[in-house]
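The values are calculated or read from the model by the stated rules, or taken from the named source; none is laboratory data. Bear in mind that the values here come from a model prediction, so they are computed numbers and not experimental data. Positions of Cβ are generated from backbone atoms using ideal geometry, with glycine treated the same way; all protein chains shown enter the neighbour counts. Note: accessible area is taken over every heavy atom of the protein model, side chains too, but ligands, DNA and RNA are not part of it. Shrake-Rupley method; radii C 1.70, N 1.55, O 1.52, S 1.80 Å.
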Amino acid sequence: MSVSESVKRDAPKARPALINISWAWLGLLPFFLFAILFLLYPSSTIVVGTFQDAKTGGFTFQNILSLSKDPYILSAYWLSIKISIVTALGGGVFGFILAYSAIRGGLPRIMRSSLMTFSGVASNFAGIPLAFAFIALLSPTGMLTNWFKAVGINIYDHGFTLYKFWGLSAAYMYFQFPLMVLIIAPAIDGLRKEWVEASENLGASTFQYWRYVAFPILLPSILGTMILLFGNAFGAFATAQALTGGQITLATIVIGAQLRGDVLNDPGLGYAMAFGMVLIMIVVITGYTYLQRITERWLR
Amino acid sequence: MKRGGVIWSWFWMILGILYFFLPLLATFIFSMKAELGHLGFKAYLNVFSDPKFQTSFPASVIWAILTIIVGILLFVPTAYLVRLRLPQARSAIELITLVPFVVPAIVYVFGLVGTYSHPPLLIVDSPALLVAGYTVLSMPYMYRAIDTGLRAIDVRTLTEAAQSLGAGWGTILFRVILPNIRISILSGAFLSFAIVMGEYTLAQYLAKPAFAPYIALLIQNKAYEPAAATIISFALIWACMGIIQVVGGGEQGQVAGGH
Amino acid sequence: MRTKTFSYYMLVLFVIAATLLSACGSAAAPAASSGGGVSSVPADLVAACKAEGMVTIIATPGNWANYQEIFDLFTATTGVKINSLDENAGSADELKAIEANKGNKGPQAPDIVDVGYAYGKTGIDAGDYQAYKVSTWDKIPDTVLGLPAKDPTGLWTGGYYGVMALEVNTAVVKTAPANWNDLLKSDYKGQVALAGDPRSSNQAAQSVFAAALANGGSLDNVQPGLDFFKKLNDAGNFVPVIAKVGTLAQGATPIVLTWDYLAFGDKDSLAGNPPITVAYPSPTIASMYVQAISAYAPHLNCAKVWMEILHSDQGQLAWMKGYAHGVQQADLESRGAIPADLKAKLPASSAFSSAVSPNPDQLSAARDAIKTGWDTTVGVDIPTPAP
């Protein structure tokens, strides 16, 4: 371990601070090396590809320009943003409710551990298997559709369809709920039991407890996690591809098509779109970081 | 929690259970239809006896475990150093841990494969690249979990106490700090495990045996076996999660500085 | 503490049981079919291939036109491992894989590709192929379906062709549609699917192309095909799910436009569970698939052995057993090399007498038009950006 090699045991006050700090920076070296080699340098291909003409290799702004002019691409972005917001909100709200019920809701302890382990599995259940599970459930010949038919209701006649926006959102929730549960659980744990008791002692109703004690503390974490959910949905594409044959044109699907190199396609455009996604995500993450800073005050 | 509150908790739980289990049930019922006329486990037998399943599932489990270990070895000392000595580095590091989140996975994989498939950096054939890629993909979750855990304990006091008792850095990190952030590491490990088991693109393009490409292969060729494989993978991954949880001491573990 | 240890042991037991089950399963697995190799392959090539130790193929599932038998033939001939990459890939992905792995001699670099007809030309233009003329070169006809069946310099060789057909799950669809206009009937609401995304899949694009022929278009004009699918979509008959054998069996995509050999292959593998019918609409499209050796192939001799096998009698018969139409079929017939029972299984050529085949330029032009026109013409869900 480079830490034990490079950071010597010391009495903090005896040695000059300079030596300590520089040894400590050395300890961070593995991380930075790893990040540069396997994350930053490979990811920089996006920036390079965005400003590089795919055919000549020269510098160009053309890729970005075509991005902002093409309504098809703009609508792809908008659709991705829309589904990410919807599933972040829905996933965040219901995920929070589930987590709270399991952790502080007075349920048997096994509910919490089962929910946690199940969420671990479900949070990555995406792509083709997830799409197929929903097809098996809600397609015109699906299990649930048949149950409804058995009691005389044909949901497809009433305008329901699995293969449009709301069907896809319903499928997305399958990994959004669990992600929310997993990430918000520590924050809910941080709600000390003493606080509930204290507020009850002071005569507060449940509503008042939530309004004045719990929500103000939890809100930054909830919002911050919802932003993570946004990012999770924003970058997803396998589920949409499998469920809708790529008909619901999300930004990631368009990028995938460009990059996978239908030889007649434009990888420069694909990189530019990815660059655009990165910019959007940077905005989103900035919001998340800000909320994190606020949350920290409570956890100190 | 007041009594009325418990009823609500059950209500939401049952709603959640219904939402999660119905798609699985539909998949399961479909997987049982492999034989004409009656329900049976033929599809499951086919999957279990498929040599590709027997290689790809354990392979993915191994990748996952390696990724978790690399993550712990890499991120715990880093987060610890930042918290203890180098808060200046914190913003830079947090930014880095968010990059995998910001860059769409498909683009990252292309970049990674592209970078390392040409000499002189021709390591595209090495399993190390796969594990590195997985570690990067799970970094936002793993690092964040470890960081949250460190945040909740009093690192400075623990370190000083251990030092005053004569502990070296190795002992401090792995026998004092690590056990105290065990729950957070567990949560990060869960997510990393699931990410690796479900990850398709990287394994596919690096041509390494893995479970998600195997399922994609099944879907291309077979009707009922993919449904069976999905159920099998769900059950097995869930069991592995359970083992991780039990081995890690479960939710009941104490966190220093107690809640 | 007791519950914890108990649950720990139960979980470990479960995982062990699952592992044992797979071990038992492998014992019950049928022994691999033994059979001689292909004797017509030059022995020095086989020896050189054995020295190379591996062959890398791409986008070639075992159940695509009975390729599995060709895999077995290769293994029996050389004993060398087959490294099969990305079976879901499309033709364009294959060329991209060649180009992306130019300097790479590892297992990610394909040795040999099996691509759609248009990609013969595309690959040559991109410099992706190297020339090789198989020993049975003269037995391959100069033209099949009115188009060149091999590149004169040997850069690519036609292998087999398929005809676009209608695959129907008759457990879900009681009366199968027989032709293009039937597909528009209200009986088939939400039932008609393509086998891929027409903007990127060769097969799906050719389905649209075939629809064009039936609706006033021609090999040079694919727009009527797009219009047809718009009508299909507006009628609510088109289901946007990419059809796989699973969705076909489950009933989500009970009517699929796909190559006839894939449809017949599904019919065999599903074995009546559910029952499948295959019909040829008229007019329809036929298209050849060609094979080529990568210009940067790490295992050149194995690639050559592979090509030799594809164009041996056994290779061609293997494809024909998979219901594909081998390019050397006429030659095999003239020598009486086709077994009678195989002949009986194959669909009569009169069934697809209306099939026409586009040349590479027509294919590329059609694919371009479909790629740009699919969303605007057929367009499913394109919301306008928020003000």
What is the helix-to-structure angle for B:127-152, meaning the angle in degrees between its Cα long axis and the longest Cα principal axis of chain B, kept from 0 to 90 and rounded to the nearest 10?
50 degrees
Across segment B:17-127, how large is the tail of the calculated P(r) beyond 18 Å, expressed as a percent of all Cα pairs?
76 percent
Helix B:90-102 versus the longest principal axis of chain B: what angle, 0 to 90°, nearest 10, using Cα atoms?
10 degrees
For chain B, the longest principal axis of the Cα atoms and the Cα long axis of helix B:155-164 enclose an angle in degrees, to the nearest 10, of 60 degrees
Per the C-alpha gyration tensor (a ≥ b ≥ c, the square roots of its eigenvalues), segment C:137-177 is rounded if a/c is under 1.5, else prolate if a/b beats b/c, else oblate; here it's prolate
Treating the Cα atoms of segment C:226-284 as identical point scatterers in vacuum, please give the log10 of the normalised Debye intensity I(q)/I(0) at q = 0.29 Å⁻¹, two decimals.
-1.25
Please check segment C:94-110 for residues whose accessible area, probe 1.4 Å, is lower by 50 Å² or more when all protein chains are in place than in their chain alone.
C:Lys96, C:Gln108
Segment C:211-323: Kirkwood hydrodynamic radius (Cα pairs, Å) comes out at 17.3 Å
May I have the extent of the alpha carbons of segment B:162-252 along their three principal axes, as whole Å values ordered from largest to smallest?
64, 31, 13
Cα atoms only, segment B:174-214: Rg and Dmax in Å?
14.5, 41
Given the protein assembly as shown, what percent of its DSSP beta bridges are antiparallel, to the nearest 5?
70 percent
With only Lys, Arg, Asp and Glu charged, each at its Cβ (+1 for the first two, -1 for the last two), find how big the charge dipole of segment A:101-218 is about the Cα centre; round to the nearest 20 debye.
80 debye
Distance in nm between label sites at A:Leu26 and A:Arg211, each 7 Å beyond Cα in the beta-carbon direction?
5.9 nm
Expressed as a fraction of 2.2 N^0.38 Å, the rule-of-thumb size for a compact globular protein of N residues, what is the C-alpha radius of gyration of segment C:99-161?
1.21
Label-to-label distance, nm, for residues given as A:Arg192 and A:Ile282 (7 Å Cα→Cβ offset)
4.1 nm
In square angstrom, what is the accessible area per residue of segment B:66-198 with a 1.4 angstrom probe?
31 Å²
Compute for chains C and A the buried accessible surface, both sides summed, probe 1.4 Å, and express it in Å² to the nearest 100.
2600 Å²
Loss of accessible area when A meets B, both sides summed, Å² nearest 100, probe 1.4 Å:
8300 Å²
Relative contact order [Cα under 8 Å, 6+ residues apart], chain A, whole percent:
27 percent
Using only Cα atoms, what is the ratio of the radius of gyration of segment B:132-191 to 2.2 N^0.38 Å?
1.24
To the nearest 500 deg cm²/dmol, what mean residue ellipticity at 222 nm is calculated for chain A from DSSP H runs of n ≥ 4 alone, each contributing -39,500 (n - 2.57), summed and divided by the residues?
-23500 deg cm²/dmol
Net dipole in debye of the protein assembly as shown [+1 Lys, Arg Cβ; -1 Asp, Glu Cβ; about Cα centre; nearest 20]
3440 debye
Taking the Cα-to-Cβ direction at A:Asn146 and at C:Arg335 and moving 7 Å from each Cα, how far apart do the two end points lie in nm?
5.1 nm
Would you calculate the volume per residue, in Å³, of the smallest convex hull containing every Cα atom of chain A?
226 Å³
For C:Lys185 and A:Val47, what does the FRET efficiency come to when R0 = 30 Å and r is the distance between their Cβ atoms, rounded to the nearest 0.05?
0.05
In whole angstrom, and with the biggest value first, how far do the Cα coordinates of segment B:54-194 range along each principal axis?
50, 38, 27
Antiparallel DSSP beta bridges within segment C:132-256, as percent of all bridges there, nearest 5
65 percent
In whole Hz, what ³J(HN,Hα) sequence does segment B:5-13 give by Karplus (6.51, -1.76, 1.60; θ = phi - 60°), x for Gly and Pro?
x, 5, 4, 4, 4, 4, 4, 5, 4
Just to confirm, what accessible area per residue do you get for segment A:142-261 at 1.4 Å probe, in whole Å²?
39 Å²
Check the straight Cα-Cα distances from A:Lys193 and name the lysines below 19 Å, setting aside those fewer than 8 residues away within the same chain.
B:Lys2
Heavy-atom accessible surface of segment C:82-153: percent carbon and sulfur, 1.4 Å
53 percent
Binned at 10 Å from 0, what are the whole-percent values of the Cα-Cα distance distribution for chain C, short to long?
5, 21, 29, 24, 13, 5, 2, 0
For the protein assembly as shown, take every pair of Cα atoms, bin their distances at 20 Å starting from 0, and report each bin as a whole percent.
13, 44, 33, 9, 1
What are the extents of the Cα atoms of segment A:39-142 along their three principal axes, listed from largest to smallest and rounded to whole Å?
64, 40, 23
Per 10 angstrom bin, beginning at 0 and ending with the bin that holds the maximum distance, the Cα pairs of segment A:142-300 fall in percents of 9, 24, 25, 21, 16, 5, 1, 0
Looking at chain A, do any whole DSSP H helices span at least 18 angstrom along their long axis by alpha carbon and average -1.0 or above on Kyte-Doolittle, and which?
A:17-35, A:71-104, A:109-122, A:165-189, A:215-234, A:267-299
To the nearest hundred square angstrom, how large is the accessible surface buried between C and B, total for both chains, probe 1.4 angstrom?
2900 Å²
Enumerate the amide H contacts of C:Tyr129 below 5 Å, restricted to partners 5 or more residues apart or on another chain; note that Pro and chain-start residues carry no placed amide H.
C:Ala295
Hey, what does the equivalent ellipsoid look like for segment C:263-318, semi-axes from the Cα gyration tensor as sqrt of 5 times each eigenvalue, largest first, whole Å?
33, 16, 11
Of the residues B:Ala34, A:Val47, C:Cys302, the Cα lying farthest along the dipole of the protein assembly as shown towards its positive end, which is defined by charges on the beta carbon of Lys, Arg, Asp and Glu, belongs to A:Val47
Could you tell me which residue out of B:Ile243, C:Ala118, C:Val356 lies farthest along the dipole of the protein assembly as shown toward its positive end? Charges go on the beta carbon: Lys and Arg +1, Asp and Glu -1, centred on the Cα centre.
B:Ile243
Using only the Cα atoms of chain B, what are the Rg and Dmax in Å?
21.9, 73
Spelling out what I want: for every residue of segment B:14-26, take phi, set θ = phi - 60°, compute 6.51 cos²θ - 1.76 cosθ + 1.60 (Karplus), and round to whole Hz; glycine and proline get x.
5, 4, x, 4, 4, 4, 6, 8, 4, x, 5, 4, 4
